[in-house]
Amino acid sequence: MVDAARHPKVDVRTYTEVERVEGYVGNFKALLRVKSRYVRAERCNGCGECAKVCPIEVPNRFEMNLAPRRAAYVAMSQSVPLVYTIDLDACIHCYKCVEACGKLEAIDFSMPDQLVWEDVGAIITATGFSHFDPSVIPEYGYGRYPNVVTAMEMERLNNSAGPTAGNLVRPSDGANPSRLAIVNCVGSRDKRFNPWCSNFCCMYAIKNAVLIKQAHPEMDITIYYIDIRTPSKGYEEFYERARDMGIRFMQGRPSLITEDPDTRNLYVLSEDMTLGQVTEREYDLVMLNQAAVPQPDVDTVSSVLNVTQSPGGWFMEYHPKLRPMDSPTDGIFLAGACQGAKDIPASVAQGSAAAARAGRVLHAPEWEIEPVVASVWEDRCISAQGKKCGVCSRACPYGAIEYEVGKAAHVVVAKCHGCGGCVAECPHNAITQLHFTDAQILAQIRALLAEKPEDKILAFRCHWCSYGGADLAGVSHFEYSSNERGLRVMCSARMDTDFIYEAFRLGAGAVLYSGCHPQDCHYITGQRVGAARAERLLNAFERLGMTPGRFRVEWISAAEGDKYARVINEMQAMLDVLPKEQLMAENERLRPDMEKRARRMREVPQVEEALALTDRLKAAMTKTD
Amino acid sequence: MNTDMNHSDKPEAFADQVHAAPGGEHLMHCFSCGTCVATCPIQWIEENYNPRRIIKMVMLGMKDEVLSSPVIWLCSACDICYRRCPQGVHISDVMKAIREVAIQEGYEPVRAIAQVNEQACAGCGMCAQACPYEAIQLTTAWDMGQPSTVPAVDRFLCLGCGVCAATCPSSAISLSDVSDETILAQIREFAEVGQAFQPAKVTG
């Protein structure tokens with residue numbers, strides 16, 4: 001930390017909050033609130049005279065409230081920069097600190113917060129995690145029984161720089177405990193609170209047990225656990241070392257902790273699963289190894305940075321396996337536990353990766369993006385005519401569309417990831433997606449259904465998942481009906497209702513609408529936009545009286561080649577039992593409806609030319625046959 | 001109930017059978033942490049009643065062992081374990097599902113059950129109101145051409161708590177193996193012991 005602060009190219013801003021972020025990759029503008037310390041950083045030399053004379057004592061948050069601090073304070077002795085802060089909520093304005101500071105004149109009670117805009121090229125989010133408050137679990141008695149402490153309180157109690165200088169005492173009477181219980185999974189793996197495994201607590205429990213056992217070999221230490229998870233390098237060996245040292249491991253999650261009101265000793269009730277018997281053991285001190293949870297202000301940070309959240313509130317990564325350090329927004333990166341509970345080695349690795357990613361942005365004079373971005377036909381956008389709309393802007397998961405009544409919608413190209421959700425959602429067909437224009441897709445539909453459309457299964461596949469699934473079915477040699485005709489778009493969000501209507505107007509036998517599973521969507525919420533539309537289509541076709549199964553919606557991942565083959569084969573089986581005459585009659589009956597519904601798409605520029613080209617191509621191909 | 005469960009000729013796996021019975025939905029969520037066992041007040045009295053072990057045995061398909069075990073009839077549905085279960089498994093419902101399967105397979109409940117003496121019953125219906133398990137339904141019986149209201153005990157829902165017997169103003173309900181006479185005899189015996197009598201340690 002000191003090295004970072006001294007580095008000529010690193011500017012450390014502490015006690016500062018990011019209030020707003022505008023712009024895009026390489027060109028962000030961040031509004032910073034530099035909160036007032038009421039101490040001028042350039043004058044303060046960190047001597048601490050102000051704290052010595054300050055008469056006010058408040059609980060010290062860094063010491064988990066186990067020790068006091070003054071109203072003039074530094075968070076901890078290793079704080080960087082070593083500049084004192086006046087806690088105005090506690091201060092009684094006696095100004096003794098001003099006197100003590102003397103000629104330095106560092107203390108300034110009139111100092112305001114400062115708001116500054118900074119130009120930044122990339123942003124790394126490393127806001128860390130918070131701790132679960134175990135007092136909401138009544139059966140563990142935290143908050144009622146003084147000798148039930150959290151892992152962080154234990155950390156301070158057992159730390160040579162802590163309030164007891166490393167003398168491990170129990171809070172009720174200051175006596176040294178001789179029997180210690182550590183309870184794992186407090187608030188984690190618990191659907192009442194946090195369903196996730198907090199990743200590092202098993203190792204953390206073992207580490208604390210080993211540290212305490214080293215200092216106090218006579219101590220009786222028991223770790224209560226459901227499963228011990230030691231998956232990384234050297235971890236299992238560490239667990240073995242703990243067992244060698246005589247630390248007791250008890251499989252069984254405690255159901256109740258009770259206190260003897262006279263001795264303040266604690267009784268931990270649990271099943272010993274290996275014996276299949278309920279045991280109740282007496283301890284002097286119990287440590288609750290509480291869950292890691294997202295920071296309490298994660299929603300604020302999430303909206304300031306436009307970074308989405310995974311279930312539970314952790315920041316969402318671009319891809320869980322391949323891009324865990326990237327956020328879905330270009331130029332914003334994730335490091336450490338803000339993306340999900342992780343231990344120190346994993347945090348360091350992710351932080352270094354995020355720094356390298358950010359470095360790529362900072363060193364690039366130009367930033368390449370995928371060319372499949374959205375583009376607005378300005379003359380068709382009704383917002384330009386002063387009408388309210390904004391559908392595109394709401395459909396965009398990346399906030400890439402600037403919408404203002406009176407102006408045509410504007411796509412910030414650097415932010416656009418090319419899902420095509422806005423294109424399909426625009427009720428006036430005023431947006432197109434480069435390389436996946438309406439004209440191109442319609443021409444493909446026409447070509448794929450040129451011959452015997454009633455035999456064909458037209459499959460819309462999203463680029464990332466269901467196209468991959470179809471590909472895997474192919475390379476795995478899974479047999480599926482040769483009547484399938486695949487059509488690739490970037491996301492199920494791009495699969496316009498009009499494409500489906502057009503396919504049925506042309507007489508397609510069946511249409512498959514396929515994309516990623518909701519949790520796998522490569523465009524944050526694209527699949528949800530597509531799924532909602534597919535639902536509307538299913539209802540519409542039901543009302544029109546179409547044979548069920550002719551329009552099918554399936555979410556197929558890139559690993560589900562077998563599922564892709566099975567779905568296509570099921571659709572083929574459905575077509576096989578459907579009499580051809582009935583199908584043709586149904587198509588004839590539905591055609592006027594489809595014609596009416598798909599007509600809008602023909603209004604889009606370039607469709608006519610593209611269709612004419614398709615027809616010429618078709619004619620040419622037929623000739624060579 | 002559950003007549004539509006066995007579609008195929010293939011014998012259904014025991015775990016699936018319990019899973020499909022009402023209340024068995026959460027069976028598979030159990031990850032064997034043992035919280036329920038250490039919570040259970042029945043377990044303090046009857047050591048062999050171990051809900052975690054029973055659920056595990058169901059998952060392992062140990063059908064005969066589970067269904068013939070007398071302990072599956074012991075759960076009193078106090079639901080303290082449900083409130084503490086980290087996986088939200090409604091254990092008393094799972095036990096109910098297991099008993100449901102046991103009954104389908106022809107096993108008889110191993111516990112006291114409320115019995116109605118229809119001659120003494122006044123048909124007031126207080127027992128039906130008192131029953132915490134909704135095991136008593138009022139039905140109409142015809143006696144010499146006269147309709148009369150009598151309670152009918154569902155022997156599968158009844159957990160043998162005896163609330164109905166204590167509530168009945170006509171002493172028309174008793175438990176199958178703990179009659180009022182038995183309890184009174186026990187009280188008299190304790191009274192005779194007099195000073196030497198120490199109340200049993202209440203572990204609940």
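Taking A:E63, is it more than 17 Å from A:E99 (Cα to Cα), open to solvent by 50 Å² or more (accessible area, probe 1.4 Å) and part of a loop (DSSP other than H, G, I, E, B)?
The answer is no for A:E63.
Can you name the residue in region A:263-311 that is open to solvent by 40 Å² or more (accessible area, probe 1.4 Å) and at positive phi and, of all such residues, is farthest from the chain's Cα centre (by Cα)?
A:R264
Looking at B:L159, B:L184, which is the one that is without any contact (Cβ under 8 Å) to a residue 24 or more places away in the chain and either of a type outside the set (D, E, K, R) or surrounded by 16 or more Cβ atoms within 10 Å (Cβ to Cβ) (or both)?
After applying the criteria, what remains is B:L184.
Across region A:253-294, which residue is nearest to the other protein chains (Cβ to nearest Cβ) among those that are of a type in the set (V, I, T) and touching a strand residue (DSSP E or B) at 6+ places or on another chain (Cβ under 7 Å)?
A:V278
Report yes if some residue within region A:336-347 is at pLDDT 95 or above, of a type in the set (A, V, I, L, M) and over 27 Å from A:I226 (Cβ atoms); otherwise report no.
Within region A:336-347, none of the residues are at pLDDT 95 or above, of a type in the set (A, V, I, L, M) and over 27 Å from A:I226 (Cβ atoms).
Within region B:89-100, which residues are in contact with a Cys (Cβ under 7 Å, 6 or more places away or on another chain) and either of a type in the set (D, E, K, R) or facing another protein chain (nearest Cβ under 9 Å) (or both)?
none
If you check A:D562, A:D576, which single one turns out to be in contact (Cβ under 8 Å) with a residue 12 or more places away in the chain and part of a helix (DSSP H, G or I)?
After ruling out the rest, the residue left standing is A:D562.
Of the residues in region A:404-461, how many are open to solvent by 20 Å² or more (accessible area, probe 1.4 Å), acidic (D, E) and touching an Asp or Glu at 6+ places or on another chain (Cβ under 9 Å)?
Qualifying residue count for the region: 1.
Give region A:449-461 a look and list any residue that's assigned to a loop (DSSP other than H, G, I, E, B), among the charged types (D, E, K, R) and over 22 Å from A:I556 (Cβ atoms), or say none.
A:E451, A:K452 - these are the residues of region A:449-461 that are assigned to a loop (DSSP other than H, G, I, E, B), among the charged types (D, E, K, R) and over 22 Å from A:I556 (Cβ atoms).
In region A:577-623, what count of residues is obtained for those that are under 28 Å from A:D471 (Cβ atoms) and exposed (fewer than 12 other Cβ atoms within 10 Å of the Cβ)?
Qualifying residue count for the region: 1.
When region A:462-497 is examined, which residues are found to be in contact (Cβ under 8 Å) with a residue 60 or more places away in the chain, part of a strand (DSSP E or B) and open to solvent by 10 Å² or more (accessible area, probe 1.4 Å)?
Matches in region A:462-497: A:E484 only.
Within the set of pairs 6 or more residues apart or between chains, which connect a residue that is more than 13 Å from every other protein chain (Cβ to nearest Cβ) inside region A:217-232 to a residue that is among the acidic types (D, E) with Cβ atoms less than 7 Å apart?
Within 7 Å, the pairs are A:T230/A:E236.
What pairs can you find where one residue is in region B:111-126 and closer than 14 Å to B:D143 by Cα, the other is open to solvent by 30 Å² or more (accessible area, probe 1.4 Å), and their Cβ atoms are less than 6 Å apart, with a gap of 6+ or different chains?
Once the first residue is closer than 14 Å to B:D143 by Cα and sits in region B:111-126, its partners that are open to solvent by 30 Å² or more (accessible area, probe 1.4 Å) give B:A120/B:S170; B:A122/B:S170; B:G123/B:S148; B:G123/B:T149.
Check whether at least one residue in region A:423-440 is within 28 Å of the chain's Cα centre (by Cα) and among the small types (G, A, S), and report yes or no.
yes
To keep it simple, each residue is scored yes or no on (1) under 21 Å from A:S255 (Cβ atoms); (2) more than 7 Å from chain A (Cβ to nearest Cβ).
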position	(1), (2)
B:C30	yes, yes
B:C33	yes, no
B:A38	yes, no
B:E47	yes, yes
B:N50	yes, no
B:R53	yes, no
B:M57	yes, yes
B:M62	no, yes
B:L67	no, yes
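So if I check each of B:P147, B:P86, B:P151, which one is open to solvent by less than 60 Å² (accessible area, probe 1.4 Å), away from chain A (no Cβ under 14 Å) and on the phi < 0 side of the Ramachandran plot?
Selected residue: B:P151, the only one of B:P147, B:P86, B:P151 that is open to solvent by less than 60 Å² (accessible area, probe 1.4 Å), away from chain A (no Cβ under 14 Å) and on the phi < 0 side of the Ramachandran plot.
Any idea which of A:R37, A:R43, A:R61, A:R20 is farther than 30 Å from A:P328 by Cβ, in contact with a helix residue (DSSP H, G or I) (Cβ under 9 Å, 6 or more places away or on another chain) and of a type outside the set (A, V, I, L, M)?
Going through A:R37, A:R43, A:R61, A:R20 in turn, the sole match is A:R43.
The values are calculated or read from the model by the stated rules, or taken from the named source; none is laboratory data. As the structure is a prediction and not an experimental result, all values here were calculated from the model. Don't worry about glycine lacking a Cβ; one is built from the backbone with ideal geometry, like all the others, and counts go over all protein chains shown. Side chains are part of the model used for accessible areas, which takes the heavy atoms of the whole protein and leaves out ligands, DNA and RNA. Shrake-Rupley method; radii C 1.70, N 1.55, O 1.52, S 1.80 Å.
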